[in-house]
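Here's the structure we're looking at; comments come further down.
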Amino acid sequence: MQINNFLEDAAQKYPDKVAVLRQNQEMTYAEIEVRANKMANYLKQVNICRGNRVAILYENSFDYIISYFAVLKIGAIEVSLNTETTVDTLAYALNDCDAKAIIANKKYSRYLVPALKKVPRLEQVIVGQEDLSEYEDIGHFNQIRLKEVYDDGKAEHPNVRCADIDLASIVYTSGSTSTPKGVMLSHRNVVNNTRSIIQYLELTDKDRMMVVLPFYYIYGKSLLTTHFCVGGSVVLDNRFAFPQVVLETMKTTKVTGFAGVPSTFLILLNRSAVREFKFESLRYVTQAGGSMAPSIQKKVAKVFAPAKLFIMYGATEAAPRLSYLDPEMLPSKWGSIGKAIPNVDLFVADKSGNKLPPGHTGEIVARGPNIMAGYWNDPLGTAKVLRNGLYYTGDIGKTDKDGYIYVVGRTKDIVKVGGFRVSTREIEDALLGIDEIHEVAVISVDDSILGEAIKAFIVPREGADLTHEKIRKAIRTMLPLYKHPKYIEFIDSIPKNTSGKMLRTELIRQHRAHVSLGRA
């Protein structure tokens, strides 16, 4: 089976059902299928072939979904690009994946037009705007309006023969610490992972998902594929900067599911009136995309009850899901990422890949049909994480006597302070137990005495009377002395990428800049 079959099967079974809602607009499965076929046939007509890379530069929208399935229908490889971009970032990605075509929204033309001047091998530009003169002036590719493709395209299925082992997507990681890596995912990777997620969430055609996470982010895209696979629907709202609006949308559209990363829930808990809402239709809430402190998990579970909270764990390299914690186990397993999803093996291993007994700390590794083929154009990077049939996640963890897995920290986030190994995650989780704290990020900094010392960047809750003394008093009962931050700095916000993950490298840069100025 291929990913595009999700749309094709749903369009056949539920042709008149609303598949996508966005503000006051909606589209049925049949309407999306027809437009996807028209675009697929246009791409086929201009010699975009199986295995060619086609980039998509669109926010969550009808056009994104149509483009995604259209590319897959002809056996091409879709490359969804981060919409929070720059000219150089765009040019890098397009050249790195050797894109033959790009489908883009006009709102990104100020970045795309100058970037395309640096991408000589690109041949086709499909853009959602009327005036194409700025593209015509570049000269080395053909350009066409998206509307023309929809108006003039052929609606029949393109009938390109493909296999499930073919590559479906190249997903660029956030690149928060280095050059972004292109994760290669096959149809088989995504289809297997989609089916596993559907199984443990018990998704059906009656489910309707509220989507605030971007589709170019693998967690966001999994919300699309799972719901199209079962014939459910998705509600798109790109206005999470105004969380109250999203909460109103959830209520009026009667969604059954909501998904977020830790920062999503912190914003809802601390900067919205979520406690005043009752979501009668909401069946479940999922969290992934980074660790969420047990103290925050408890608040989220309480606020959204009786909807069930699923704590999940994964990686882009796993398409994306690896484990989940059964909501029934939350009260006894706070902080755990649960156990492996169906059809995946997940365990804590020593350096040789051997499974460690409960209580022993090692790297979390995985194997299954969802694990990526490797990194695009990066055999050395691939060899570092795919070894002896296992995917090495880079996360340090341990299991309890019941087989539940706990993440201790990232290999790069374990610091050595005065001879002790300390996890920055453990300190963050403890600090988030202080009610006056909205967000926190912990890094290690150079120290002339200890070698490394701990620094905490703290964002207070709005209106909170928070001081260094209050924090130090609170953590005395939470952590041993050697785990206490030596430095505490209050800031207005934690820097994050567009997927909501904190950028520790940016905090390290800020700290070093302050040190050079004699202010830290």
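The values are calculated or read from the model by the stated rules, or taken from the named source; none is laboratory data. Here the structure is a predicted model, which means the values were calculated and not measured. Positions of Cβ are backbone-derived with ideal geometry, glycine not excepted, and every protein chain shown enters the neighbour counts.
Taking the criterion of being among the β-branched types (V, I, T) and farther than 25 Å from N497 by Cα, the residues of the stretch 250-271 that qualify are T252, T253, V255, T256. The condition (being hydroxyl-bearing (S, T, Y), at pLDDT below 90 and either touching an Asp or Glu at 6+ places or on another chain (Cβ under 8 Å) or closer than 26 Å to L269 by Cα (or both)) is satisfied by just one residue among T467, T505, T477: T477. Taking first residues from the stretch 354-373 that are outside any loop (DSSP other than H, G, I, E, B) and partners that are of a type in the set (F, W, Y), the Cβ contacts under 6 Å between residues at least 6 apart in sequence or on separate chains come to K355/F347; E363/Y392; V365/Y392; A366/Y391.
List the pairs whose first member sits in the stretch 8-26 and is on the phi < 0 side of the Ramachandran plot and surrounded by 15 or more Cβ atoms within 10 Å (Cβ to Cβ), whose second member is in a helix (DSSP H, G or I) and of a type outside the set (F, W, Y), and whose Cβ atoms are under 6 Å apart, counting only residues at least 6 apart or on separate chains? The qualifying pairs are A11/A30; A11/E33; A19/I32.
Please tell me if L213 is on the phi < 0 side of the Ramachandran plot and crowded, with 21+ Cβ neighbours inside 10 Å.
On the way: on the phi < 0 side of the Ramachandran plot: yes; crowded, with 21+ Cβ neighbours inside 10 Å: yes.
Here the answer is yes, as L213 does meet what is asked.
Of all residues in the stretch 103-132, those that are in contact (Cβ under 8 Å) with a residue 40 or more places away in the chain have Cβ atoms under 6 Å from Cβ atoms of residues that are among the charged types (D, E, K, R) and buried (at least 19 other Cβ atoms within 10 Å of the Cβ), 6 or more apart or on another chain, in E123/K100.
I'm trying to understand the selection: among the residues of the stretch 328-343, which are aliphatic (A, V, I, L, M) and either more than 17 Å from A318 (Cβ to Cβ) or not assigned by TED's automatic domain parsing to the domain that holds V261 (or both)? Matches in the stretch 328-343: M329, L330.
Is one or more of the residues making up the stretch 115-129 of a type outside the set (D, E, K, R), at pLDDT 95 or above and assigned to a helix (DSSP H, G or I)? Scanning the stretch 115-129 turns up at least one residue that is of a type outside the set (D, E, K, R), at pLDDT 95 or above and assigned to a helix (DSSP H, G or I). Of the residues K302, K278, the single one that is part of a helix (DSSP H, G or I) and either among the hydroxyl-bearing types (S, T, Y) or out of contact with any strand residue (DSSP E or B) (no Cβ under 9 Å at 6 or more places or on another chain) (or both) is K302.
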